[in-house]
Amino acid sequence: MAAGATYEPIATTTLGSAASTITFSSIPSTYTDLRVVLVARGTATTYPQWILNNDATALYSRTELTGNGTAASSTRGSANSAFYVPNAALPTAANTFDLITADIFSYAGSTFKTVLFTDSTDLNGSGEVAAIVGLYRSTTAISRVDIQAGASTFAAGTTATIYGIKAA
Amino acid sequence: MANTYTLIASNTLTGSQTSVTFSSIPSTYTDLLLRYSARSTGASLVLRFYTNSGTPASTFSYTSLIGNGAAASSSRNSAQSYWLDTNGLPASTYTANTFNNGDLYIPNYAVSATKVASNFSVTETNATTAYIELDANLKGTTETVTQLYIETANGFAVGSSFYLYGIKNS
């Protein structure tokens, strides 16, 4: 039997002007996994935060493996009020971007939510690359994802798309 | 709903060759994904990716994070002529039937902006030589990606495969 579409864009946004938050809401529960692709630049030094279900309580933790072009390192954070991804600030110079992907597995299930992030920023002489696993200790299905820029804003030209992936 | 994850082209090698080319890539998608599985015909040599013939040299750069089963390390290369999968493909002397497998993801490839990309590749051989690698890539020019070249000096072994997908965000 031929399956229907199994990798579908749910929503997408391209910022025409600076914005402090990108929100995906009313996410249907009909998929198996979610994938968010964020290509972002900051208007000033800023560290993005990812919040699920508009829940900013201390239910987030992460383990991170990072390469900065010189050395590899690993860090961990627990009892956080968001996923702090990436660990480094967004680039701010014109025509520079950070590529961040987030795979949220079994987002509509009734178990804690595991998220796999990748962070890729190369600035021709600086930057970092990282793989981050996050845990959101809530059994509620994910219906909303907020990506907050942090202290500053996302610059115009930042793009974000959320895809739904079906297992069958 | 229109198909939003589409195979643009593929190439599974029936003979050894040193490069694979995807040309005339349509600009109608949002992102590109190259999924590859490759092995070398000779010594273990690196995999090189570059886009659009005629692209000025020294406009590619990358930051890498690598684990080899013994240690993790990071490196950086700027002003290059290609992106590199830093660790070598399985050589002809490696455990039989093992391949380097990876994804090269290029978002917003048809937008007039510099191109960021991520490469995630793995090689496991049940031996002492194995790698997991994550690369952050940058192409510092703004033209649309219309061609993608993958090459290795010693040649790709028979059975190496390359799949290019287009992903639409709407």
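If you go through the range B:79-101 and keep only what is open to solvent by less than 10 Å² (accessible area, probe 1.4 Å) and either farther than 21 Å from B:SER16 by Cα or within 11 Å of the chain's Cα centre (by Cα) (or both), you end up with B:TRP83, B:ASP85, B:ASN100.
Among the numbered conditions (1) within 14 Å of chain A (Cβ to nearest Cβ); (2) at pLDDT below 95; (3) outside any loop (DSSP other than H, G, I, E, B), the only one that B:ASN169 does not meet is (3). Looking across the range B:42-66, the residues that are surrounded by fewer than 18 Cβ atoms within 10 Å (Cβ to Cβ), within 14 Å of chain A (Cβ to nearest Cβ) and touching a residue at least 24 places away in the same chain (Cβ under 8 Å) come down to B:PRO56, B:ALA57.
Could you tell me whether any residue of the range A:92-101 is under 19 Å from B:ALA117 (Cα atoms), acidic (Asp, Glu) and modelled with pLDDT of 95 or more?
yes
So, A:THR63, is that one buried (at least 19 other Cβ atoms within 10 Å of the Cβ), over 14 Å from the mean Cα position of the chain (by Cα), in contact (Cβ under 8 Å) with a residue 12 or more places away in the chain and within 14 Å of another protein chain (Cβ to nearest Cβ) or not? Against the criterion (buried (at least 19 other Cβ atoms within 10 Å of the Cβ), over 14 Å from the mean Cα position of the chain (by Cα), in contact (Cβ under 8 Å) with a residue 12 or more places away in the chain and within 14 Å of another protein chain (Cβ to nearest Cβ)), A:THR63 does not qualify. Would you confirm whether or not the range A:21-36 contains a residue that is small (Gly, Ala, Ser), open to solvent by 30 Å² or more (accessible area, probe 1.4 Å), farther than 25 Å from B:LEU32 by Cβ and assigned to a strand (DSSP E or B)? Taking every residue of the range A:21-36 in turn, none turns out to be small (Gly, Ala, Ser), open to solvent by 30 Å² or more (accessible area, probe 1.4 Å), farther than 25 Å from B:LEU32 by Cβ and assigned to a strand (DSSP E or B).
Under the condition of being facing chain A (nearest Cβ under 7 Å) and open to solvent by less than 30 Å² (accessible area, probe 1.4 Å), the residues counted in the range B:118-150 number 6.
Could you look through the range B:67-78, keep only residues that are of a type in the set (Gly, Ala, Ser) and within 13 Å of chain A (Cβ to nearest Cβ), and pick out the one that is most open to solvent (accessible area, probe 1.4 Å)? The residue in question is B:ALA70.
Counting only residues that are under 17 Å from the mean Cα position of the chain (by Cα) and either part of a loop (DSSP other than H, G, I, E, B) or within 14 Å of chain A (Cβ to nearest Cβ) (or both), the range B:151-162 holds 3 of them. Taken over the range B:28-81, residues that are in a loop (DSSP other than H, G, I, E, B) and on the phi < 0 side of the Ramachandran plot amount to 19.
Of the residues making up the range A:67-90, those that are surrounded by 13 or more Cβ atoms within 10 Å (Cβ to Cβ) and either within 16 Å of the chain's Cα centre (by Cα) or free of Cβ contacts under 8 Å to residues at least 40 places away in the same chain (or both) number 14.
The values are calculated or read from the model by the stated rules, or taken from the named source; none is laboratory data. Every value quoted in this text rests on a predicted model; they were computed, and no experiment measured them. Cβ atoms come from the backbone with ideal geometry, glycine included; neighbour counts cover every protein chain shown. These area figures cover heavy atoms from the full protein model, side chains too; ligands, DNA and RNA do not enter into them. Shrake-Rupley method; radii C 1.70, N 1.55, O 1.52, S 1.80 Å.
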